[in-house]
Amino acid sequence: MDIRNDMLRLLKGRRQGFSLEQPFYTDPDYFKLDMELIWYRDWLFIGHDCELPKPGSYITVQVGDYPVVLVRDQHGKINAFHNSCRHRGSRVCNTEKGT
């Protein structure tokens, strides 16, 4: 059965005042679909600008399967990048924050 149809079937049968069925909490395919349809499609709050006080300041976070690094550039602008090397996929920043 298609995972979306399975998910919709369970949502339509949900009883008010009760929690979601177990697959919503434990099934990796449900998690993957949830991330793709909700979390990866929109802006996410992952840090406040005061956490990046000066040029070169950075913080790292994990957004689903993706490691992300936020950094303040020399002009004061905040940028977000995948925290991985394009060549081998290794992490670029291994610490949570720094300058």
- Could you check R9 against (1) assigned to a loop (DSSP other than H, G, I, E, B); (2) more than 23 Å from the chain's Cα centre (by Cα) and say which number it fails? (1)
- Message: Just checking: which of the strands (runs of 3 or more DSSP E) contained wholly in the range 46-91 hold 1 or more residues that are touching a Ser or Thr at 6+ places or on another chain (Cβ under 8 Å) and surrounded by 10 or more Cβ atoms within 10 Å (Cβ to Cβ)?
- Response: 58-63, 66-72
- Task: Six or more apart or on different chains, Cβ under 6 Å: which pairs go from a residue in the range 46-75 that's closer than 28 Å to D34 by Cα and in contact (Cβ under 8 Å) with a residue 12 or more places away in the chain to one that's part of a strand (DSSP E or B) and of a type in the set (K, R)? Could you list them?
- Result: I59/K97
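Go through the range 3-18 and report how many residues are out of contact with any Leu (no Cβ under 9 Å at 6 or more places or on another chain) and either under 20 Å from L37 (Cβ atoms) or touching a residue at least 12 places away in the same chain (Cβ under 8 Å) (or both). Show your work before the answer.
Pass one, the range 3-18, residues out of contact with any Leu (no Cβ under 9 Å at 6 or more places or on another chain): 5-6, 8-9, 12-13, 15-18.
Right, trim to either under 20 Å from L37 (Cβ atoms) or touching a residue at least 12 places away in the same chain (Cβ under 8 Å) (or both) and you get 5-6, 8-9, 12-13.
Residues in the range 3-18 being out of contact with any Leu (no Cβ under 9 Å at 6 or more places or on another chain) and either under 20 Å from L37 (Cβ atoms) or touching a residue at least 12 places away in the same chain (Cβ under 8 Å) (or both): 6 in total.
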- Residue check, L52 closer than 30 Å to R14 by Cα and of a type in the set (A, V, I, L, M): no
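Only the coordinates and a few stated rules stand behind these numbers; no lab work does. Bear in mind that the values here come from a model prediction, so they are computed numbers and not experimental data. Note that we place each Cβ from the backbone using ideal geometry, even for glycine, and neighbour counts take in every protein chain shown.
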